[in-house]
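Reading through the C-alpha cells given below for one structure.
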Amino acid sequence: MSYGYVYTAQIALGADYAQSVKAIAEAEAYHGPSLIIGYAPCINHGIKKGLATAMEETKLAVQSGYWFNFRFNPDAEQPFTLDSKEPSLSYRDFIMTETRYNSLVRAFPERAEELFAAAEKQAKEKYRKLTNMSKLYE
C-alpha cells in the first residue's frame, strides 16, 4: 500500500466470505500488481478444537482483533476500505485457544503475560491506525 500503485488486501474467508470474494475480484480486475494476504490456520497453530473448525477460528481471529480485513484499491474513488469492525471478543481468550500460545503460559507464565499484553496493545493500535487511514481516504 505504501507504494500507492499495488492492489493490497487482507482477507479471512471464514470471517467474511463476501469481502474475500470482492477482494479477489478487485485484485483480478486491477491493471497492475496485486497482493492478497489471507488468514489461514494450520496444524502448527495447535487449534484446540481441531482444524475442522478452521473457518470458525478465522472468524474469531477477526472478531478478536487478531486479524483485520481491509482492501486498498488505487483505482477506487476511496482507495482504502477497512472491512473489519471494531473487535468484539477478547484478544487473550482467542489466542489461548491455540497451543502455540497457551504452551508459553505453562513454560513462562510471567513472560507470557507480558508478551500477550504487548500483542493486544499492538493489535488495538493497528486497528486505530487502520481506522484513521480509512478516514484519511474519505
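Brief remarks on what is shown
- Residue in the stretch 26-35 that is under 30 Å from Tyr3 (Cα atoms), aromatic (Phe, Trp, Tyr) and in a helix (DSSP H, G or I) present: no
- Cross-chain or 6+ apart pairs with Cβ under 7 Å, the stretch 117-128 first and under 20 Å from Met96 (Cα atoms), then assigned to a helix (DSSP H, G or I) and hydroxyl-bearing (Ser, Thr, Tyr): Glu120/Tyr91; Ala123/Tyr91
- Within the stretch 21-67, the set of residues being under 30 Å from Leu115 (Cβ atoms), touching a Pro at 6+ places or on another chain (Cβ under 9 Å) and either among the β-branched types (Val, Ile, Thr) or buried (at least 16 other Cβ atoms within 10 Å of the Cβ) (or both) comprises Ile47, Thr53, Ala54, Glu57, Thr58, Ala61, Val62, Gln63, Ser64, Gly65, Tyr66.
- Residues of the stretch 73-89 that are farther than 19 Å from Lys59 by Cβ, in a loop (DSSP other than H, G, I, E, B) and not charged (D, E, K, R): Asn73, Pro74, Ala76, Gln78, Pro79.
- Considering residues of the stretch 113-138 that are among the small types (Gly, Ala, Ser) and at pLDDT 95 or above only, the residue farthest from Arg71 (Cα to Cα): Ala117
The values are calculated or read from the model by the stated rules, or taken from the named source; none is laboratory data. This structure is a prediction, so every number in the text was calculated from the model and none was measured. For neighbour counting, all protein chains shown are included, and Cβ atoms are generated from backbone atoms with ideal geometry for every residue, glycine included.
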